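K.L.:
Below you will find the structure I want to go over with you.
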Amino acid sequence: MAPTSTSPPAKAQVTTAPAKSPLLGGIGDLDSTVSLRLHALFLPVPRLLLKALEVAGDGRIWLPIPISLLLISTTTSSEVSPLLAGLVAGLVLDILFVGAAKLVVRRPRPAYNAADMYVAVAADHWSFPSGHSSRAFLVAVFLAAGGFPRGALFLWAAATSASRVLLGRHYVLDVVAGACLGVFEAWLSSLLLRSMCARISFLVC
C-alpha cells in the first residue's frame, strides 16, 4: 500500500500565500518589506495619538463640514466664498480619483492592519493610494494658498500620512502616491475655481 501523503492541501497553500497587486510587482514587494519594518520600529508611538491623526484626516469630517459651510453661506449671503467652493470641488475630485485608483490597482491592505479600521465603502478595502494622505495634502495645499499657516498645515498633512504606515493601514508607497495625488487635486481644483470665477457672478474671487 502506498504511504499516505502528509503535504498540506493545495487550497490551504493558496489561501495562506501573501496577497499583492500584480500592477506593482517587485516594487510592491520592496515597499511591503520597508513598511513592515517601519511599522515595527515605531510600535512604541502611542496608538491613541495615531488614531487622533486618523480621525483628523477622515473624509467623514472633511467633506460634510465644508459642504455645510458652503450651503450656509449661500443662504445667508448673496456671495459664495471661493475658498469653500474650491475646497469642496477638490474633495469631490479626491473621492472620485482615490476610489477609481483603489479599484484599478486593488492592492490589499497590510496583513498586520488592526481590525479597528472603519470601512465606509467597498473601495476602502484596498490600500493604494491612501485617501487620508491625498485628502490631507489637498487640504494643506489649498488652504496654504488661501493664506492659512503653511507650516502648520504641511506638518499636519505629513503627520497624518506617516500615521497611516505606523498604524498598519497602508504601505509607504500608498501614502507617497496619495500625497502626490492630493497636490495634483489642489492644483486641479484651483484651475476649476478660476474657471468658475470667470463664469459665475456670485463667486467673489
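The values are calculated or read from the model by the stated rules, or taken from the named source; none is laboratory data. Everything numeric in this text was worked out from a predicted model, so none of it was measured. Counting neighbours? That spans all protein chains shown, and the Cβs are built from the backbone with ideal geometry, glycine included. Keep in mind that these areas ignore ligands, DNA and RNA; they rest on the heavy atoms of the full protein, side chains included. Shrake-Rupley method; radii C 1.70, N 1.55, O 1.52, S 1.80 Å.
K.L.:
Could you count how many residues in segment 162-175 are open to solvent by 10 Å² or more (accessible area, probe 1.4 Å) and over 13 Å from Phe42 (Cβ atoms)?
P.N.:
3
K.L.:
Can you name the residue in segment 75-106 that is among the hydroxyl-bearing types (Ser, Thr, Tyr) and free of Cβ contacts under 8 Å to residues at least 40 places away in the same chain and, of all such residues, is surrounded by the fewest Cβ atoms within 10 Å (Cβ to Cβ)?
P.N.:
From segment 75-106, those among the hydroxyl-bearing types (Ser, Thr, Tyr) are 75-78, 81; that's our starting set.
Remaining after also requiring free of Cβ contacts under 8 Å to residues at least 40 places away in the same chain: 75-77.
On the way: Thr75: 6, Thr76: 8, Ser77: 11.
Looking at residues that are among the hydroxyl-bearing types (Ser, Thr, Tyr) and free of Cβ contacts under 8 Å to residues at least 40 places away in the same chain, I get Thr75.
K.L.:
Out of segment 26-40, which residues are among the hydroxyl-bearing types (Ser, Thr, Tyr) and more than 20 Å from the chain's Cα centre (by Cα)?
P.N.:
Step one: list which residues in segment 26-40 are among the hydroxyl-bearing types (Ser, Thr, Tyr), which gives 32-33, 35.
Matches in segment 26-40: Thr33 only.
K.L.:
Would you check if there is a residue in segment 80-95 being modelled with pLDDT under 90, under 14 Å from the mean Cα position of the chain (by Cα) and either farther than 19 Å from His170 by Cβ or of a type in the set (S, T, N, Q) (or both)?
P.N.:
No, because not a single residue in segment 80-95 is modelled with pLDDT under 90, under 14 Å from the mean Cα position of the chain (by Cα) and either farther than 19 Å from His170 by Cβ or of a type in the set (S, T, N, Q) (or both).
K.L.:
Going by the conditions given, is Ile72 of a type outside the set (Gly, Ala, Ser), touching a residue at least 12 places away in the same chain (Cβ under 8 Å), in a helix (DSSP H, G or I) and open to solvent by 50 Å² or more (accessible area, probe 1.4 Å)?
P.N.:
On the way: of a type outside the set (Gly, Ala, Ser): yes; touching a residue at least 12 places away in the same chain (Cβ under 8 Å): no; in a helix (DSSP H, G or I): yes; open to solvent by 50 Å² or more (accessible area, probe 1.4 Å): yes.
Answer is no for this residue.
K.L.:
Under 6 Å between Cβ atoms, at least 6 apart or on separate chains: pull out the pairs that start in segment 182-195 with a residue that is over 23 Å from Thr160 (Cα atoms) and end on any residue that is open to solvent by 10 Å² or more (accessible area, probe 1.4 Å) and not aliphatic (A, V, I, L, M).
P.N.:
Filtered contacts from segment 182-195: Leu193/Pro82.
K.L.:
Moving to a separate point now. Going by the conditions given, is Gly99 within 15 Å of the chain's Cα centre (by Cα) and either part of a helix (DSSP H, G or I) or at pLDDT 75 or above (or both)?
P.N.:
The answer is yes for Gly99.
K.L.:
Do you know which residues across segment 53-64 are assigned to a helix (DSSP H, G or I) and surrounded by 14 or more Cβ atoms within 10 Å (Cβ to Cβ)?
P.N.:
Taking segment 53-64 as the starting set, the residues that turn out to be assigned to a helix (DSSP H, G or I) are 53-56, 59-62, 64.
Listed by number, the residues that qualify are Leu53, Glu54, Ala56, Gly59, Trp62.
K.L.:
If you scan segment 128-149, which residues turn out to be assigned to a loop (DSSP other than H, G, I, E, B) and either modelled with pLDDT under 90 or surrounded by fewer than 20 Cβ atoms within 10 Å (Cβ to Cβ) (or both)? Show your work before the answer.
P.N.:
Taking segment 128-149 and keeping what is assigned to a loop (DSSP other than H, G, I, E, B), we get 128-130, 146-149.
Within segment 128-149, Gly146, Gly147, Phe148, Pro149 meet the criteria.
K.L.:
While we're on this one: Evaluate segment 111-123: report whether one residue or more is open to solvent by less than 20 Å² (accessible area, probe 1.4 Å), within 15 Å of the chain's Cα centre (by Cα), at pLDDT below 90 and within 30 Å of Gly25 (Cα to Cα).
P.N.:
From segment 111-123, those open to solvent by less than 20 Å² (accessible area, probe 1.4 Å) are 123; that's our starting set.
Next cut, within 15 Å of the chain's Cα centre (by Cα) only: 123.
Retained after the next criterion (residues that are at pLDDT below 90): 123.
Okay, now just the ones that are also within 30 Å of Gly25 (Cα to Cα), so 123.
Taking every residue of segment 111-123 in turn, at least one turns out to be open to solvent by less than 20 Å² (accessible area, probe 1.4 Å), within 15 Å of the chain's Cα centre (by Cα), at pLDDT below 90 and within 30 Å of Gly25 (Cα to Cα).
K.L.:
On to the next question. If Gly59 satisfies every condition in (1) within 24 Å of Val104 (Cβ to Cβ); (2) at pLDDT 90 or above but one, which is the exception?
P.N.:
For Gly59, the failing item is (2).
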